[in-house]
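The values are calculated or read from the model by the stated rules, or taken from the named source; none is laboratory data. Keep in mind it's a predicted model, so treat the numbers as computed, not measured. Cβ: placed from backbone, ideal geometry, glycine included. Neighbour counts: every protein chain shown.
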Amino acid sequence: MGEKSRVTFQKGRVDKIAAEFFTAHSRSQLKQWILEGHLLVNGKVVKPNYQVQPADELELTPPPIKSINLQPEEIPLDIVYEDQDVLVVNKPQGMVVHPSPGHPDHTLVNALLAHSPLSTINGKFRPGIVHRIDKDTSGLLMVAKNDFAHHSLAQQLREKSNIREYIALVHGVLKEEKGTIDAPLGRSLKDRKKQAVVKDGRAARTHFEVLKRYKNYTLVKCILETGRTHQIRVHMKYIGHPLVGDPLYGPTKTIKGNGQFLHAGKLGFKHPRTGKELIFEVPLPAIFKKTLKFLDRND
């Protein structure tokens with residue numbers, strides 16, 4: 001079954017116009033589907049540079065999504081804590097949390113499946129995953145080993161009663177010692193791969209505190225009150241201090257690393273079964289420490 005949309009009073013390239021109507025897909029993805037004949041104009045195959053005319057009808061029939069065969073994989077895990085209900089893992093930079101069409105395997109979930117049973121609430125491809133951090137963000141994640149634990153941990157996230165503290169290296173020198181960024185986030189209207197501060201977005205709040213100032217950079221602690229996609233990365237860019245090394249939101253001229261310098265260093269929550277407050281901390285990864293030592297000497 002195709003997705004239909006009649007174009008009225010609009011002209012322009014079909015790949016551009018299609019991106020405005022079929023917003024769940026990127027322009028590059030739509031262009032590829034046009035080339036493959038999955039998007040028709042008035043029932044006919046066209047080229048990506050076809051000029052749409054008013055009253056043209058676009059029909060998109062996306063190809064079937066290739067299934068992901070989720071398999072346990074013997075990948076080493078840095079487990080900080082584990083019992084019958086929960087597991088806390090220190091995720092390395094560069095590891096994707098759960099499978100997706102672009103990352104079907106070698107994820108944290110694949111590794112976790114080989115280690116222990118996981119909750120089933122979040123579906124087939126995200127078992128045990130209560131919250132996530134980006135591929136190039138390192139640090140602590142809490143994982144639910146059963147549905148009882150998952151319900152409790154998810155409720156704590158909704159109630160904002162847990163602790164999630166990050167260390168970030170950002171461009172520029174912050175003037176304030178501490179502050180709060182309260183700005184709603186949603187998908188960027190200019191680039192579907194990005195998040196942005198948007199008027200009708202979901203509420204998002206990040207607290208920050210300066211840890212150390214350099215000549216051209218600042219080391220900050222960021223405390224999440226909410227947990228939106230790319231929240232710290234977008235919020236820090238919004239106040240003029242994008243994360244160092246961020247390939248999506250940062251400047252091209254930046255300190256080389258393995259992506260953004262962002263580390264989930266502290267995590268706290270109440271144990272689902274006992275109610276005991278558990279707090280965990282892990283040190284910065286080696287490349288982060290090395291970069292700070294470099295700045296200590298040269299910036």
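Any residue at all in the range 140-157 that's crowded, with 21+ Cβ neighbours inside 10 Å and among the hydroxyl-bearing types (Ser, Thr, Tyr)?
Let us first name the residues in the range 140-157 that are crowded, with 21+ Cβ neighbours inside 10 Å, namely 140-145, 149-150, 153.
Those still in the list that are among the hydroxyl-bearing types (Ser, Thr, Tyr) too: none.
No, that holds for no residue.
For the range 204-229, what are the residues that are in a strand (DSSP E or B), under 16 Å from the mean Cα position of the chain (by Cα) and of a type in the set (S, T, N, Q)?
Once the filter is applied, which keeps residues that are in a strand (DSSP E or B), under 16 Å from the mean Cα position of the chain (by Cα) and of a type in the set (S, T, N, Q), the range 204-229 yields only 206.
Return the only residue of 276, 270, 266 being in contact with an Asp or Glu (Cβ under 9 Å, 6 or more places away or on another chain), over 12 Å from residue 166 (Cα atoms), modelled with pLDDT of 95 or more and in the same structural domain as residue 130 (by TED's automatic domain parsing).
Step by step, each of 276, 270, 266 is checked, and only 270 is in contact with an Asp or Glu (Cβ under 9 Å, 6 or more places away or on another chain), over 12 Å from residue 166 (Cα atoms), modelled with pLDDT of 95 or more and in the same structural domain as residue 130 (by TED's automatic domain parsing).
Tally time: how many residues in the range 193-203 are under 18 Å from residue 232 (Cα atoms) and outside any strand (DSSP E or B)? Lay out the reasoning, then the answer.
Here is the first cut: in the range 193-203, the ones under 18 Å from residue 232 (Cα atoms) are 193-199, 201-203.
Filter once more, so that each one left must be outside any strand (DSSP E or B): 193-194, 198-199, 201, 203.
Total satisfying the criteria: 6.
Do you know which residues across the range 106-153 are among the polar types (S, T, N, Q) and out of contact with any strand residue (DSSP E or B) (no Cβ under 8 Å at 6 or more places or on another chain)?
Selection gives 107, 110, 120, 146.
Collect the residues in the range 16-52 that are of a type outside the set (S, T, N, Q), outside any loop (DSSP other than H, G, I, E, B), surrounded by 14 or more Cβ atoms within 10 Å (Cβ to Cβ) and modelled with pLDDT under 85, keeping them in residue-number order.
Across the range 16-52, the qualifying residues are 16, 17, 18, 19, 21, 27, 30.
Identify all residues within the range 48-106 that are closer than 30 Å to residue 16 by Cβ and of a type in the set (A, V, I, L, M, F, W, C); write none if there are none.
52, 55, 58, 60, 65
Search the range 109-136 for residues being over 14 Å from the mean Cα position of the chain (by Cα) and aliphatic (A, V, I, L, M), and hand back the single one that is farthest from residue 229 (Cα to Cα).
114
Do we find a residue being more than 30 Å from residue 151 (Cβ to Cβ) and in the same structural domain as residue 119 (by TED's automatic domain parsing) anywhere in the range 225-235? Let's see the steps before the verdict.
Taking the range 225-235 and keeping what is more than 30 Å from residue 151 (Cβ to Cβ), we get none.
Looking for residues that are more than 30 Å from residue 151 (Cβ to Cβ) and in the same structural domain as residue 119 (by TED's automatic domain parsing), one finds none in the range 225-235, hence no.
Inspect all residues belonging to the range 113-122 and state whether any of them is assigned by TED's automatic domain parsing to the domain that holds residue 271 and under 26 Å from residue 203 (Cβ atoms).
Quick first cut of the range 113-122, residues assigned by TED's automatic domain parsing to the domain that holds residue 271 only: 113-122.
If we keep only those that are under 26 Å from residue 203 (Cβ atoms) as well, we get 121-122.
Checked the range 113-122: at least one residue is assigned by TED's automatic domain parsing to the domain that holds residue 271 and under 26 Å from residue 203 (Cβ atoms).
Among the charged types (D, E, K, R), under 11 Å from residue 170 (Cα atoms) and in contact (Cβ under 8 Å) with a residue 40 or more places away in the chain: is that true of residue 273 in this structure?
Here the answer is no, as residue 273 does not meet what is asked.
Could you grab me the full set of residues in the range 281-299 that are more than 16 Å from residue 260 (Cβ to Cβ), surrounded by fewer than 18 Cβ atoms within 10 Å (Cβ to Cβ) and touching a Gly at 6+ places or on another chain (Cβ under 8 Å)?
Passing the criteria: 281, 283.
Condition first: acidic (Asp, Glu), closer than 30 Å to residue 278 by Cβ and either surrounded by 15 or more Cβ atoms within 10 Å (Cβ to Cβ) or touching a His at 6+ places or on another chain (Cβ under 9 Å) (or both). Can you find one or more residues in the range 199-221 that meet it?
Taking the range 199-221 first, the residues acidic (Asp, Glu) are 200, 209.
Cutting the leftovers down to closer than 30 Å to residue 278 by Cβ gives us 209.
Imposing the further condition that a residue be either surrounded by 15 or more Cβ atoms within 10 Å (Cβ to Cβ) or touching a His at 6+ places or on another chain (Cβ under 9 Å) (or both) reduces the set to none.
No, that holds for no residue.
Restricting the search to the range 53-110, which residues are under 30 Å from residue 12 (Cβ atoms), of a type in the set (A, V, I, L, M) and assigned to a loop (DSSP other than H, G, I, E, B)? Even if it seems obvious, please write down each step before you answer.
Step one: filter the range 53-110 for residues under 30 Å from residue 12 (Cβ atoms), giving 53-65, 101-102.
Next cut, of a type in the set (A, V, I, L, M) only: 55, 58, 60, 65.
Once the filter is applied, which keeps residues that are under 30 Å from residue 12 (Cβ atoms), of a type in the set (A, V, I, L, M) and assigned to a loop (DSSP other than H, G, I, E, B), the range 53-110 yields 55, 65.
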